[in-house]
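One structure is given below, encoded as structure tokens.
The values are calculated or read from the model by the stated rules, or taken from the named source; none is laboratory data. The model shown is predicted, which means the values in this text are computed figures rather than measured ones. We place every Cβ from the backbone using ideal geometry, glycine too, and count neighbours over all the protein chains shown. These area figures cover heavy atoms from the full protein model, side chains too; ligands, DNA and RNA do not enter into them. Shrake-Rupley method; radii C 1.70, N 1.55, O 1.52, S 1.80 Å.
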Amino acid sequence: MKKAVYPGSFDPMTCGHLDILRRSLNIFDEVIVLPASNSTKKSLFTTQQRIDQIRRIIAAEHLEDRVSVDTFDGLLVDYCIGKGIWTIIRGLRPFSDFEYEFELASANRGIDSRIETVFLITNLQYSYLRSSILKDLARLDGDITGKIPECIKDEFIARVKKG
Ligand code: PNS
């Protein structure tokens, strides 16, 4: 049984993230999605809200058999060691992501050399999607259809507009 973790801020999970998750299931039998805190970002949603959102998305997409959601505090590598899972999935967008992802993957493998990060190249249609762009679009009444899963769209717009 090939297992992997898919960590990220997921604040919120976008259609780009969902596309990476779906494609990772072509490689792995089971994937654990891990909404985590990124110390360099201020979150819009609490961890519990992000877990609930991801659960709704997984149910709407009928992925429950092979995808679960969990969370962790501390180092991602410690979570992986605790679960006996040695593969981390990350999506890679053009240009902006490489340096950061290189450092993150190297840091994680530096902590434990059994850990490998598998990068899936972001589908071109989502290559410019990042949460700051989505937040601007939602705040300024732009159309975010097809950019964020429908089942969390209204919650996201309401939260962004609340400020
Ligand atoms: O979606 P993001 O914000 O790029 O995800 C980054 C994340 C949450 C995967 C990363 O910040 C992380 O793994 N944080 C947990 C602490 C950790 O293990 N950091 C890396 C080694 S120092």
query: Do any strands (runs of 3 or more DSSP E) lying entirely in region 66-163 carry at least 2 residues that are open to solvent by 60 Å² or more (accessible area, probe 1.4 Å), and which ones are they?
result: 116-121
message: Among the residues in region 70-80, are any more than 10 Å from the ligand (Cβ to nearest atom) and either over 15 Å from the mean Cα position of the chain (by Cα) or not β-branched (Val, Ile, Thr) (or both)?
response: yes
field: Meets criteria (of a type in the set (A, V, I, L, M, F, W, C) and over 26 Å from Gln48 (Cα atoms)) for Ile148
entry: no
- prompt: of a type in the set (Val, Ile, Thr), under 29 Å from His62 (Cβ atoms), out of contact with any helix residue (DSSP H, G or I) (no Cβ under 7 Å at 6 or more places or on another chain) and within 15 Å of the ligand (Cβ to nearest atom), is that true of Ile85?
  reply: yes
Among the residues listed as Asp52, Asp73, the single one being modelled with pLDDT of 95 or more and charged (D, E, K, R): Asp52
- prompt: So which residues in region 1-53 are open to solvent by 50 Å² or more (accessible area, probe 1.4 Å) and part of a helix (DSSP H, G or I), if there are any at all?
  reply: His17, Arg22, Arg23, Gln48, Gln49, Asp52
